[in-house]
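Undergrad: I have a structure here, written as structure tokens, and I will follow up with some questions on it.
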Amino acid sequence: MLSRHKRLIAIWIIGSAISMLGPCVVSASPDVGQMAPNVIAQKLDGTALNLATLHGHVVVLNFWASWCVPCRAEMPLLEGFYQKHQADGLLVVGLSADDRGDRREMEKAAKSVTYPVALLESADANGFGSPKILPLTYVIDKNGVIRARLLPTRAGFTEQALALIVLPLLAGPPVSTPP
């Protein structure tokens with residue numbers, strides 16, 4: 001069995017090779033236009049994250065992992081976008097696909113952002129399932145409906161592309177209430 005150090009080196013080499021090819025490949029995903037399934041997990045600060053309670057906000061839900069080079073590359077973009085639009089009702093949530101053994105590396109990576117981060121493996125409920133590909137980002141409107149699923153590309157997504165999707169949702173009408 002490989003030592004922890006050798007395992008990390010192997011993961012780094014594999015991650016570097018995959019990043020040159022594009023996204024990091026890792027259940028069925030919900031579709032655009034559907035209600036977002038719920039996720040209930042404990043955030044790194046120990047408080048609860050319950051996606052169902054975030055209605056009324058536009059949510060950018062990002063699945064990532066500490067070993068995924070493209071994931072780490074888009075974190076500063078997500079952080080900047082969050083800082084710029086948080087006061088407008090935007091929430092960014094990071095769900096790490098790391099396993100519990102990589103928690104230290106995940107926490108280290110998460111220190112670079114101020115938006116909430118949770119470990120997917122420890123979720124009490126995860127209606128999204130395990131991501132087939134990383135990074136994977138969903139944009140969820142104020143009513144809890146998935147409006148976009150951003151799959152990785154070689155170049156990643158840009159702030160302008162994110163703005164084209166998110167800003168109209170932020171400016172849109174408030175959450176509709178059932179009759």
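Just so you know, all these numbers are worked out from the coordinates, no wet-lab data involved. Predicted model only: the values in this text are computed from it and were never measured. For neighbour counting, all protein chains shown are included, and Cβ atoms are generated from backbone atoms with ideal geometry for every residue, glycine included.
Undergrad: Given axes a ≥ b ≥ c from the Cα gyration tensor, I'd like to know whether segment 110-179 is rounded (a/c under 1.5), prolate (a/b larger than b/c) or oblate.
TA: oblate
Undergrad: Cross-link partners among aspartates and glutamates for K43, C-alpha distance below 16 Å, same-chain residues fewer than 8 apart left out?
TA: D98, D99, D102, E105, E107, E121, D124
Undergrad: Filter K111/K142; K111/K132; K84/K111 down to the pairs with a C-alpha to C-alpha distance above 22 Å, please.
TA: Flagged as over cut-off: K111/K142; K111/K132.
Undergrad: List, in order, the whole-Hz ³J(HN,Hα) value for each residue of segment 55-71 obtained from phi through the Karplus relation with A = 6.51, B = -1.76, C = 1.60 and θ = phi - 60°; use x for Gly and Pro.
TA: Karplus values, whole Hz, x for Gly and Pro: 4, x, 10, 8, 10, 9, 9, 10, 8, 8, 8, 5, 8, 8, 4, x, 4.
Undergrad: Still on this structure: Under a point-charge model restricted to the Cβ atoms of Lys and Arg (+1) and Asp and Glu (-1), what is the dipole moment magnitude of segment 95-136 relative to its Cα centre, in debye to the nearest 20?
TA: 120
Undergrad: Indicate the gyration tensor shape class of segment 45-154 (rounded, prolate or oblate), computed on the Cα atoms with a ≥ b ≥ c the square roots of the eigenvalues: a/c under 1.5 is rounded; otherwise a/b larger than b/c is prolate and the rest oblate.
TA: Rounded is the answer for segment 45-154, as its axis ratio a/c remains below 1.5.
Undergrad: Another question about this same structure. In sequence order, what are the phi-derived ³J(HN,Hα) couplings for segment 157-169 according to the Karplus relation 6.51 cos²θ - 1.76 cosθ + 1.60 with θ = phi - 60°, rounded to whole Hz, with x for glycine and proline?
TA: Computed from phi, the couplings for segment 157-169 are 9, 10, 4, 5, 5, 5, 4, 4, 8, 7, 4, x, 6 Hz.
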